[in-house]
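Some notes on the structure that comes next.
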Amino acid sequence: MKKSPIILKHDHDGSGIRIEPIDDLILNEPSDFHEPHRHEHYICILVEKGFIENSVDFRKTIIRKNSLFVSYPGQVHQLLKSTSVTGWVLAIDNKLVDDNVSSILQQLLSEVINLELGSGESKWFKNILGLIAGTDSKELGMVINSQAQVTLATAFMQQVAFVYQGREQRFTLHHSANSIYITKKFKQVLKQQFRALKRPGDYAEILNISVSHLNDTVKAVTGFSLTYHIQQEVLREAQRLLFHSHFSVKEIAVLLGYEDYKYFNRLFSKVTGISPGAFRKQEISMET
């Protein structure tokens, strides 16, 4: 299958950004964009008109008019359908994203960034994307490294983090600043350590607080326990590997920190309602 011009793959030689306007004609062309795929880059989709039906880690999400969707490194996503769409796609190497912005995005309380924008916000993002694209149509869809364009892309990601934080604060006003801080630090450490650390006590030790306090805090803010979050992080990665790799279930279990692959098999089946092998077969049959 022909590679999509708007997907920046993890094996790209060198760092940079790619940008391209999108519409139904482009989105409906056969490409890897229609297949579940993952990469080590940020993908930003600004929809100005129409809507896109997308899958993120095998969960459906809708990107509507005047909305900004951001897929961060490691997620598996797939274009399912587009209707009357105009907009932009920006791919940016994670090495170009400011450390503070990366830290904010690693601490997301939500697993999907899909922001409904006000008219002023939408105009700002659209203008920045227009400036990044510039006037040379030959550059569209190509890797670019112009310092001015990289600076604009960096500003774009900083604004994404700023807007997301503003939205998030509206839903966390009834929690203390300390509770939000603890929950976000837990989420950040979890994303970095879930393969090695499986016990709630491991995370409490890193954060230097008691297990009960950490569990009560995270559950109050998110509605779910530490164990739930740990299992969900592991199983999201398991689903990605089951679809996107040729590793056996036993090999995936080891990669995720489980020496006893039978235990991993039981855990996956209990939480998802389907065995790892059945999940792999189901997703492959849906793809074909």
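Laboratory data are not the source of any read-out in this text; all were calculated from the coordinates shown. Remember, predicted model here, so these are calculated numbers, not experimental data. Please note: Cβ atoms are built from the backbone with ideal geometry, for glycine as well, and neighbour counts cover all protein chains shown.
For the reader, a short list of remarks on this structure follows.
- Rounded to the nearest 20, the size of the Cβ-charge dipole of region 166-282 about its Cα centre is 360 debye, with Lys and Arg at +1 and Asp and Glu at -1.
- The trypsin sites (Lys or Arg not before Pro) found in region 171-208 that occupy coil by DSSP, while having at most 15 further C-beta atoms within 10 Å, are ARG195.
- Acute angle (nearest 10 degrees) that the helix 147-170 long axis makes with the longest principal axis of the chain, alpha-carbon atoms: 50 degrees
- Among the listed pairs LYS60/LYS198; LYS60/LYS250; LYS126/LYS281; LYS198/LYS281; LYS81/LYS184; LYS49/LYS191, those with a Cα-Cα distance over 30 Å are LYS126/LYS281; LYS81/LYS184; LYS49/LYS191.
- Longest site-free stretch - the chain; sites: GluC sites (Glu not before Pro), DSSP loop, at most 15 other Cβ within 10 Å: 112-258
- Relative exposure of TRP88, TRP124, judged by other C-beta atoms within 10 Å (fewest first): TRP124, TRP88
- Calculated mean residue ellipticity at 222 nm for the chain: -15000 deg cm²/dmol, from DSSP H runs with n ≥ 4 weighted as -39500 (n - 2.57), summed, divided by the residue count and rounded to 500.
- The value of relative contact order for the chain, using C-alpha pairs under 8 Å at least six residues apart, is 16 percent.
- Counting neighbouring beta carbons within 10 Å and listing from fewest to most, the residues LEU235, LEU109 come out as LEU109, LEU235.
- Relative to the dominant Cα principal axis of the chain, helix 276-287 is inclined by about 20°.
- For the chain, the longest principal axis of the Cα atoms and the long axis of helix 226-244 meet at an angle of about 50 degrees.
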